[in-house]
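The values are calculated or read from the model by the stated rules, or taken from the named source; none is laboratory data. Remember, predicted model here, so these are calculated numbers, not experimental data. Positions of Cβ are generated from backbone atoms using ideal geometry, with glycine treated the same way; all protein chains shown enter the neighbour counts. Protein only, heavy atoms only, side chains kept; ligands, DNA and RNA dropped before computing areas. Shrake-Rupley method; radii C 1.70, N 1.55, O 1.52, S 1.80 Å.
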Amino acid sequence: MLGVTVELLILLVVIVTALAFDFTNGFHDTANAMATSIATGALRPRVAVALSAILNLVGAFLSVAVAATVAEGIVRLNEVSGHSLLIIVYAGLVGGILWNLLTWLFGLPSSSSHALFGGLIGATLAALGWSGVVWVSGNGGVINKIVIPALLAPVVAGLVATIGTWAVYRITRNADPDKVTSGFRWGQVGSASLVSLAHGTNDAQKTMGVIFLALVAYGELSPDSAMPLWVMAACACAIAAGTYLGGWRIIRTLGKRLVDIDSPQGLSAESASAAIILTSAHFGLPLSTTQTVTGAILGSGLGKGAEVRWGVMGRMVVAWLLTLPAAGIAGAICWALAHYIGGLAGVLVVFALLIALAGLIYRRSLRDKVSSGNVNDPPTADPEQTLPRPVEPPVAESTSEEAS
């Protein structure tokens, strides 16, 4: 009886941690849908995040194809079960949360999806070795359904947005600029809403898949069971709440630091992103919405012929490349701590470590607080926007004798 109680407590901690990850996913990825609309003035910041939160909530109920990929396509379930699987899932979630918080602190729009996958892969490798991860399978596996879409999505989104932006400016080149701006701002409301809906359809399902894994490990569900409605509702609410909080630091990066965005660019970028994300969700591909939207924003700048701050883009790419291994290392360390301490005590030690590190990151963020009130201000820490002015030699004042 005591063993059952301990396992139930561990399951509850895992579910709470999964919903916490979903919450960080929400505020980390708000920028994906609303950064361009906020930057162009199409939507006020608070209105934008509220609209995005509502549509994320709705989108989470539209499909479970991505959730099935996460639940069955990463960990080889026939090699692990019960308590061991619960610890793997838990450690992976903690690794994903820590990477989300760290990249949020630096305003880097990295992939929450890949943070989660990296954490799960790292914990699985630590627990089961190389054979424990479904690298390739008939249904796809990590390579086909995670790695390849990660490489292709930003490129495809960038190309589509480049062509779309070029065409938009070509078509409207003789139109009244004020009417063009006004019309495209209204269009942005619709396209940003579609991205938010797509984000809920894609990202909330990833946490559903993780909770489903935990319930399978506990013995509550079988791998062939249907997704419980309460899991869908809980994940939808968690990602909506995080979205409403607003990840202002990342919104500022995507909206102001990468490319100077006008309304036609914003509409093109958002439309391209929404089309690609919804298509991937239909086929069960757990796509990175962050990388897709970033590629589209970059493409919108290229399509207009605007200045692209390649230094900022370079830092984003570095963060993308580090996401899987960094979250994986964090997941592996968390698994080792929980496993070797053992039982509920190990789980609680990792949970306490998560709370402590999250608190430190939050305190550090207060030194340079970004909110809805200053999200459109140019960031003073960006070396490409605050280039030092050359020092001019002082000019001596002329005396009365010199004047005469």
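For the reader, a short list of remarks on this structure follows.
- Listed conditions (1) crowded, with 21+ Cβ neighbours inside 10 Å; (2) at pLDDT below 85 are all met by Ile38, apart from (2).
- Single match in Leu278, Leu285, Leu221, Leu321 (criterion: open to solvent by 10 Å² or more (accessible area, probe 1.4 Å) and either β-branched (Val, Ile, Thr) or at pLDDT 85 or above (or both)): Leu321
- Within segment 302-313, residues that are within 18 Å of Thr165 (Cα to Cα) and β-branched (Val, Ile, Thr) sit with their Cβ atoms under 7 Å from residues that are at pLDDT 85 or above and assigned to a helix (DSSP H, G or I), at 6+ positions apart or across chains, in these pairs: Val308/Leu298; Val308/Gly301; Val308/Leu302.
- All positions within segment 271-298 that are assigned to a helix (DSSP H, G or I) and within 16 Å of Pro109 (Cα to Cα): Ser273, Thr289, Thr290, Gln291, Thr292, Val293, Thr294, Gly295, Ala296, Ile297, Leu298
- Residue match in segment 246-255 (condition: touching a residue at least 40 places away in the same chain (Cβ under 8 Å), of a type in the set (Ser, Thr, Tyr) and closer than 29 Å to Gly73 by Cβ): no
- Residue in segment 191-212 that is among the acidic types (Asp, Glu) and either open to solvent by 60 Å² or more (accessible area, probe 1.4 Å) or more than 25 Å from the chain's Cα centre (by Cα) (or both) present: no
- All conditions but one from (1) modelled with pLDDT under 95; (2) farther than 23 Å from Phe23 by Cβ; (3) part of a helix (DSSP H, G or I); (4) among the small types (Gly, Ala, Ser) apply to Ala332; the one that does not is (1).
- Residues that are under 21 Å from the mean Cα position of the chain (by Cα) and either within 14 Å of Val259 (Cβ to Cβ) or open to solvent by 60 Å² or more (accessible area, probe 1.4 Å) (or both) within segment 325-343 comprise Pro325, Ile329, listed in sequence order.
- Annotation for segment 256-264: at least one member residue is within 27 Å of Pro45 (Cβ to Cβ) and of a type in the set (S, T, N, Q).
- When Ser110 is tested against the conditions (1) in contact with a Leu (Cβ under 9 Å, 6 or more places away or on another chain); (2) of a type in the set (Gly, Ala, Ser); (3) free of Cβ contacts under 8 Å to residues at least 60 places away in the same chain, the lone failure is (3).
- Residue that is nearest to Lys206 (Cα to Cα), among those in segment 257-270 that are in a helix (DSSP H, G or I) and open to solvent by 20 Å² or more (accessible area, probe 1.4 Å): Leu267
To keep it simple, each residue is scored yes or no on (1) of a type outside the set (A, V, I, L, M, F, W, C); (2) modelled with pLDDT of 90 or more; (3) out of contact with any strand residue (DSSP E or B) (no Cβ under 6 Å at 6 or more places or on another chain); (4) open to solvent by 40 Å² or more (accessible area, probe 1.4 Å).
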{"residue": "Thr103", "(1), (2), (3), (4)": "yes, yes, yes, no"}
{"residue": "Ser111", "(1), (2), (3), (4)": "yes, no, yes, no"}
{"residue": "Gly119", "(1), (2), (3), (4)": "yes, yes, yes, no"}
{"residue": "Ala127", "(1), (2), (3), (4)": "no, yes, yes, no"}
{"residue": "Gly132", "(1), (2), (3), (4)": "yes, no, yes, no"}
{"residue": "Trp135", "(1), (2), (3), (4)": "no, no, yes, yes"}
{"residue": "Ile143", "(1), (2), (3), (4)": "no, no, yes, yes"}
{"residue": "Leu151", "(1), (2), (3), (4)": "no, no, yes, yes"}
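- Check on Ala217, closer than 30 Å to Thr124 by Cα and touching a residue at least 40 places away in the same chain (Cβ under 8 Å): yes
- Out of Thr201, Thr181, Thr207, one residue alone is part of a helix (DSSP H, G or I), within 29 Å of Tyr90 (Cβ to Cβ), hydroxyl-bearing (Ser, Thr, Tyr) and at pLDDT below 85. It is Thr201.
- When the test is whether a residue is hydrophobic (A, V, I, L, M, F, W, C), open to solvent by less than 10 Å² (accessible area, probe 1.4 Å), closer than 21 Å to Gly107 by Cα and modelled with pLDDT of 85 or more, Ile250 passes it.
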